[in-house]
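Novice: This structure is in structure tokens; I'll ask about it shortly.
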Amino acid sequence: MTVLDTPAWRPRADAAPLLPDPEPYRLLGTPAAADLDPALLGLLYGQLVRGRRYNVQATALTKQGRLAVYPSSTGQEACEIAAALALRPRDWLFPSYRDTLAVVARGVDPVEALTLLRGDWHTGYDSREHRVAPLSTPLATQLPHAVGLAHAARLSGDPVAALAMVGDGGTSEGDFHEALNFAAVWKAPVVFLVQNNGFAISVPLAKQTAAPTFAHKAVGYGMPGRLVDGNDVAAVHEVLTEAVERARDGGGPTLVEAVTYRIDAHTNADDATRYREESEVAAWRAHDPVELLERELTARGLLDDAARQRALDDAEAMAADLRERMHAEPQLDPMELFEHVYADLTPQLREQAAQLRAEMAAERQS
Amino acid sequence: MTTATSAADRAAAPTRRPATMAQALNQALRDALTADPAVHVMGEDVGTLGGVFRITDGLTRDFGEDRCTDTPLAEAGILGAAVGMAMYGLRPVVEMQFDAFAYPAFEQLVSHVSRMRNRTRGALPMPITVRIPYGGGIGGVEHHSDSSEAYYLHTPGLHVVTPATVEDAYGLLRAAIASDDPVIFLEPKRLYWSKADWSPQEPSTVPPIGRAVVRRPGRTATLITYGPSLPVCLEAAEAATEEGWDLGVVDLRSLVPFDEETVAEAVRGTGRAVVVHESSGFGGAGAEIAARITERCFHHLEAPVLRVAGFDIPYPPPMLERHHLPGVDRILDAVGRLQWEER
Ligand SMILES: Cc1ncc(C[n+]2csc(CCOP(=O)(O)OP(=O)(O)O)c2C)c(N)n1
Ligand SMILES: [Mg+2]
């Protein structure tokens, strides 16, 4: 035996099949779109229109003081919707803090999805019931969780996959790299969706990465990387669905980079004029996910004015309901602060709870 | 008025003008960058944006990208790179965007920054300043309001300081950057917009790290506090006069090193002490302070040293945070329990 015969010497996989396409994958407006199922396109369209309306409504709620903050996904609705719809009921979604729309599209009540941002509790929905992990504010920390959950599902023999969402900025965190490595080594049924929206708050891509694309990062870990037009909902949906199915079927993880753009400021508290040109925003507005699909549907005769109006009305009803319910004061019991720290209250917490109860009673009397 | 006259005027009596703590911090960074070419500021969004709290506003424009640098989004990377820069003789000043986002850098901090001097018998000091906006009261969603000082003060090798006034914000940050040891510089974010008449031309007021200050003398009991709780304690002391209590207030400014002299002297003068901070009480800074007061002042104490602190819970959501933060009533309540009847 020489070193040439040892496992360390030879590359363990052929890198070429793992490489992403040189250009983002697209379907809408291409000849391949002719094969797309009209029913699927109709479903995606309705969801996109709702998604856009949801972003507009949530942003308005910040102005009315009903949300503490809102990180808008305007312009990124195709990714948000496709991520949710690529999953089956038993699969899990691991959203980042910007992804309340994906959470809503997965079926969580919008009011529950917005609890964190309204500020009445941290996670407002039942993660186990919906199979949606808590929105992750510490960036990229949810990615190893997704790997672990997917690994656990595989160990249990369950046909369950996890889809984890992260931003371009989040890929710089150590947790991103550790998650990808674990996923590939364990062949975990997990899909990583990087929404490359051009910015991490004010920091542009050039200061975030020197990689050819984020999708290329997959190769270094030994999983396929896919590059897709993140505003082409049909393309994102197809790529994610394939990746999730492959994962569920034991094919291992995939890294998907969706190229998109954050149309709004980082949050309502941010002033994007400090760090980017309006012309860039305008260029991306002209590549709008809702319009891209609308154009396709119209060209194929699948969308008339009546159908369009129905989608808008449906979105409007959702927004009206959300508005009304968000304007109601949430019923809060401060004593709940002590309830979920441990399974059982410690003696110290019991004492502190009694103190707060007494304080509140005194406050009511005065 | 000629320029010459105004310069002379300024030299004689520096003009004081209203400034926010954020502006004072910005000025301290500017002056440090000007004074020492080894000083480098870096962090997430500190460049073009000027930081999410605008503390680094204009620094990249005025000093260039190499002196104030937007880094990739990775706190362990930021602090780890700062270690290497310090090894080469630079003086990095890094910003962690929020308290809870400093945690990915914890390993670099505990395993390297804090103990590099010790490991290398002094060959590799770590003149690094880690600026961390901390604390609650700003309606932030989860992970934006932690008071993380206890983690740091329990780590030997780190200085831990926190200003509570505009003037100290400037002075302490200059002192932190000038220090040859690593300094965790905790910026109380709800005081960023607090204002005072202040003049950056008075460097004589720069407090050395490790000195507490008596903000209000008092005869009947002493409140010991720091950072975001100082204004609350001063308000409580004012309100206490109605109850006939004359409360003194000590602002620690520096948790490590800890100024036992100033604290002990104040407590010996009153015989009663309450430590106030908004981080959780259990295993918090107040536990250390109370223990030291007991050790140093036992024979002067008329009552056990009490603590008023945040509850032992994860930081609450915005709509509930007022129940968690120590307020005037909770402080006065504690003062009322200092065994006055046994006098
Ligand atoms: C560990 C950590 N560091 C810093 C932050 C503060 N922060 C919140 S969002 C953000 C930028 C995120 O950029 P990206 O990952 O591209 O996501 P996007 O906002 O574009 O959706 C930063 C720095 C954080 N939430 N977590
Ligand atoms: Mg981004």
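Novice: Which of the numbered conditions does B:Gly77 fail, given that it passes all the others? Conditions: (1) crowded, with 22+ Cβ neighbours inside 10 Å; (2) in contact with a Gly (Cβ under 8 Å, 6 or more places away or on another chain).
Specialist: Among (1) crowded, with 22+ Cβ neighbours inside 10 Å; (2) in contact with a Gly (Cβ under 8 Å, 6 or more places away or on another chain), B:Gly77 violates only (1).
Novice: Further question: Restricting the search to segment A:107-131, which residues are more than 22 Å from A:Ala320 (Cβ to Cβ) and among the acidic types (Asp, Glu)?
Specialist: Within segment A:107-131, A:Asp126, A:Glu129 meet the criteria.
Novice: Hey, another quick one. I'd like the full set of residues that are out of contact with any Ser or Thr (no Cβ under 7 Å at 6 or more places or on another chain), within 16 Å of ligand 2 (Cβ to nearest atom) and either of a type outside the set (A, V, I, L, M) or within 9 Å of chain B (Cβ to nearest Cβ) (or both), limited to segment A:142-170.
Specialist: So in segment A:142-170, the residues out of contact with any Ser or Thr (no Cβ under 7 Å at 6 or more places or on another chain) come out as A:143-164, A:168-169.
So of that shortlist, the ones also within 16 Å of ligand 2 (Cβ to nearest atom) come out as A:143, A:164, A:168-169.
The answer is A:Asp168, A:Gly169.
Novice: Checking A:Ala39 against (1) closer than 15 Å to A:Pro289 by Cβ; (2) assigned to a helix (DSSP H, G or I), which test does it fail?
Specialist: (1) is the only condition that A:Ala39 fails.
Novice: So B:Ala74 passes all but one of these: (1) under 25 Å from A:His266 (Cβ atoms); (2) more than 11 Å from chain A (Cβ to nearest Cβ). Which condition number does it fail?
Specialist: Going through the list (1) under 25 Å from A:His266 (Cβ atoms); (2) more than 11 Å from chain A (Cβ to nearest Cβ), B:Ala74 breaks only (2).
Conditions (1) touching a residue at least 40 places away in the same chain (Cβ under 8 Å); (2) surrounded by 24 or more Cβ atoms within 10 Å (Cβ to Cβ); (3) within 13 Å of ligand 1 (Cβ to nearest atom); (4) of a type in the set (Lys, Arg), marked per residue:
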position	(1), (2), (3), (4)
A:Ala184	yes, no, no, no
A:Pro189	yes, yes, no, no
A:Ala200	no, yes, yes, no
A:Pro204	yes, no, yes, no
A:Gln208	yes, yes, yes, no
A:Ala211	no, no, no, no
A:Ala218	yes, yes, no, no
A:Leu227	yes, yes, no, no
A:Asn231	yes, yes, no, no
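Novice: Return the only residue of A:Ala82, A:Ala78, A:Ala68, A:Ala105 being among the aliphatic types (A, V, I, L, M) and over 11 Å from the mean Cα position of the chain (by Cα).
Specialist: Working: A:Ala82 fails: over 11 Å from the mean Cα position of the chain (by Cα); A:Ala78 fails: over 11 Å from the mean Cα position of the chain (by Cα); A:Ala105 fails: over 11 Å from the mean Cα position of the chain (by Cα).
That would be A:Ala68, the only listed residue that is among the aliphatic types (A, V, I, L, M) and over 11 Å from the mean Cα position of the chain (by Cα).
Novice: If you don't mind, another one. Got at least one residue in segment A:242-257 being without any contact (Cβ under 8 Å) to a residue 60 or more places away in the chain and within 16 Å of ligand 2 (Cβ to nearest atom)?
Specialist: Checked segment A:242-257: no residue is without any contact (Cβ under 8 Å) to a residue 60 or more places away in the chain and within 16 Å of ligand 2 (Cβ to nearest atom).
Novice: With respect to A:Asp175, determine if the residue is near ligand 1 (Cβ under 9 Å from one of its atoms), out of contact with any strand residue (DSSP E or B) (no Cβ under 8 Å at 6 or more places or on another chain) and under 15 Å from A:Ala218 (Cα atoms). Spell out the reasoning first.
Specialist: On the way: near ligand 1 (Cβ under 9 Å from one of its atoms): yes; out of contact with any strand residue (DSSP E or B) (no Cβ under 8 Å at 6 or more places or on another chain): yes; under 15 Å from A:Ala218 (Cα atoms): yes.
Against the criterion (near ligand 1 (Cβ under 9 Å from one of its atoms), out of contact with any strand residue (DSSP E or B) (no Cβ under 8 Å at 6 or more places or on another chain) and under 15 Å from A:Ala218 (Cα atoms)), A:Asp175 qualifies.
Novice: Being outside any helix (DSSP H, G or I) and more than 10 Å from every other protein chain (Cβ to nearest Cβ) is the filter here; which residues of segment A:200-220 pass it? Please lay out each step first, then the result.
Specialist: Quick first cut of segment A:200-220, residues outside any helix (DSSP H, G or I) only: A:200-204, A:209-216.
Residues satisfying the conditions are A:Ala211, A:Pro212, A:Thr213, A:Phe214, A:Ala215, A:His216.
The rows are residues; the columns are (1) within 13 Å of chain B (Cβ to nearest Cβ); (2) surrounded by 12 or more Cβ atoms within 10 Å (Cβ to Cβ); (3) on the phi > 0 side of the Ramachandran plot.
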| residue | (1), (2), (3) |
| --- | --- |
| A:Leu303 | no, yes, no |
| A:Asp321 | no, yes, no |
| A:Glu329 | yes, no, no |
| A:Asp333 | yes, no, no |
| A:Gln348 | yes, yes, no |
| A:Glu363 | yes, no, no |
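Novice: Look through B:Ala150, B:Ala175, B:Ala169, B:Ala164 and report the one residue that is of a type in the set (A, V, I, L, M, F, W, C), farther than 30 Å from B:Pro37 by Cβ and assigned to a helix (DSSP H, G or I).
Specialist: Step by step, each of B:Ala150, B:Ala175, B:Ala169, B:Ala164 is checked, and only B:Ala150 is of a type in the set (A, V, I, L, M, F, W, C), farther than 30 Å from B:Pro37 by Cβ and assigned to a helix (DSSP H, G or I).
Novice: Failed condition for B:Trp245, given (1) more than 14 Å from chain A (Cβ to nearest Cβ); (2) in a strand (DSSP E or B), with all others met?
Specialist: Exception for B:Trp245: condition (2).
Novice: May I pose another question? Mind checking which residues of segment A:95-150 are charged (D, E, K, R) and in a helix (DSSP H, G or I)? Outline the logic, then answer.
Specialist: Applying the first criterion (charged (D, E, K, R)) to segment A:95-150 yields A:98-99, A:106, A:109, A:112, A:118, A:120, A:126, A:128-129, A:131.
Selection gives A:Glu112, A:Arg118, A:Arg128, A:Glu129.
Novice: Filter segment A:73-90 down to the residues that are surrounded by fewer than 24 Cβ atoms within 10 Å (Cβ to Cβ) and either among the charged types (D, E, K, R) or within 16 Å of ligand 1 (Cβ to nearest atom) (or both) and list them by number. Don't jump to the end; show me each part of the working.
Specialist: Of the residues in segment A:73-90, the ones surrounded by fewer than 24 Cβ atoms within 10 Å (Cβ to Cβ) are A:74, A:85, A:88-90.
Matches in segment A:73-90: A:Thr74, A:Arg88, A:Arg90.
Novice: Please name all residue pairs, on different chains or six or more residues apart, with Cβ atoms under 7 Å, provided the first residue is in segment A:289-301 and is assigned by TED's automatic domain parsing to the domain that holds A:Leu44 and the second residue is among the basic types (Lys, Arg) and at pLDDT 95 or above.
Specialist: Sorted first by the residue in segment A:289-301, then by its partner, the pairs are A:Val290/A:Arg52.
Novice: Within segment B:293-314, count every residue that is more than 25 Å from the chain's Cα centre (by Cα), buried (at least 18 other Cβ atoms within 10 Å of the Cβ) and not in a loop (DSSP other than H, G, I, E, B).
Specialist: 1
Novice: From the list B:Pro156, B:Pro125, B:Pro208, which residue is under 21 Å from B:Ser254 (Cβ atoms), away from every other protein chain (no Cβ under 14 Å), surrounded by fewer than 23 Cβ atoms within 10 Å (Cβ to Cβ) and at pLDDT below 95?
Specialist: Answer to the check: B:Pro208.
Novice: Residue check: is A:Leu149 within 16 Å of ligand 1 (Cβ to nearest atom), out of contact with any Gly (no Cβ under 8 Å at 6 or more places or on another chain) and under 25 Å from A:Ile81 (Cα atoms)?
Specialist: Answer is no for this residue.
The values are calculated or read from the model by the stated rules, or taken from the named source; none is laboratory data. Worth saying up front: this structure is predicted, and the values here are computed from it rather than measured. Cβ: placed from backbone, ideal geometry, glycine included. Neighbour counts: every protein chain shown.
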